[in-house]
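Presented below is the structure to which this report refers.
The values are calculated or read from the model by the stated rules, or taken from the named source; none is laboratory data. These numbers were taken from a predicted model, which means no experiment stands behind them. Please note: Cβ atoms are built from the backbone with ideal geometry, for glycine as well, and neighbour counts cover all protein chains shown.
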Amino acid sequence: MKPYRSCVTNLHACKANCCKNGVWVDVEQAKMIEEYVNSRPEFSDLHGKTLFAEYDEDSDYFPSGKCVGTALATPDGPCVFLGADYKCRIYPVRPHFCADYPFMHPLAESQLPVMIDNMFEEDPNCIYHELLSATLKSIEEEKAAERAKSAQ
Ligand code: SF4
């Protein structure tokens, strides 16, 4: 079995492609992130800027039922919190969505299943490309074994 590699070891290749479009954040967590950024001099370039641009409602993924999207640094992205070195500048307080990625966790009371985001299934530069392929392969193998067993 291959050892698990952290994304951070792969930034030279993927260039944080998954941070390209920003993410959804619960409005309560967004307030906390805003306070974090606005109280620190190392983020002075972000002070006074729009950090969260869009608004939506989603009670399956966000405890308050309301979420906002991280603003984009340019109209084409990336997320306003992405650094020039492709690392998240707010890593200690990054949105839950980012911390969980590539797993997309609905709330415990939600009826939705936990999913793996397959956005980068075809991207060989993403380490989750391997994880996703291995997961799908093992599901297929399991199904094939079950079919063979029931055919006996
Ligand atoms: S908050 Fe950080 S980890 Fe999340 S999309 Fe933005 S830069 Fe990436």
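Would you check if ALA73 is surrounded by 15 or more Cβ atoms within 10 Å (Cβ to Cβ), over 24 Å from ILE139 (Cβ atoms) and among the small types (Gly, Ala, Ser)?
yes
Among the residues of segment 12-48, how many are within 11 Å of the ligand (Cβ to nearest atom), in a helix (DSSP H, G or I) and either small (Gly, Ala, Ser) or surrounded by fewer than 17 Cβ atoms within 10 Å (Cβ to Cβ) (or both)?
Counting residues in segment 12-48 that are within 11 Å of the ligand (Cβ to nearest atom), in a helix (DSSP H, G or I) and either small (Gly, Ala, Ser) or surrounded by fewer than 17 Cβ atoms within 10 Å (Cβ to Cβ) (or both) gives 1.
Any residue in segment 49-66 that is of a type in the set (Phe, Trp, Tyr), within 14 Å of the ligand (Cβ to nearest atom) and surrounded by fewer than 15 Cβ atoms within 10 Å (Cβ to Cβ)?
Within segment 49-66, not a single residue is of a type in the set (Phe, Trp, Tyr), within 14 Å of the ligand (Cβ to nearest atom) and surrounded by fewer than 15 Cβ atoms within 10 Å (Cβ to Cβ).
Could you tell me whether CYS18 is closer than 21 Å to TYR101 by Cβ, at pLDDT below 95 and assigned by TED's automatic domain parsing to the domain that holds HIS105?
yes
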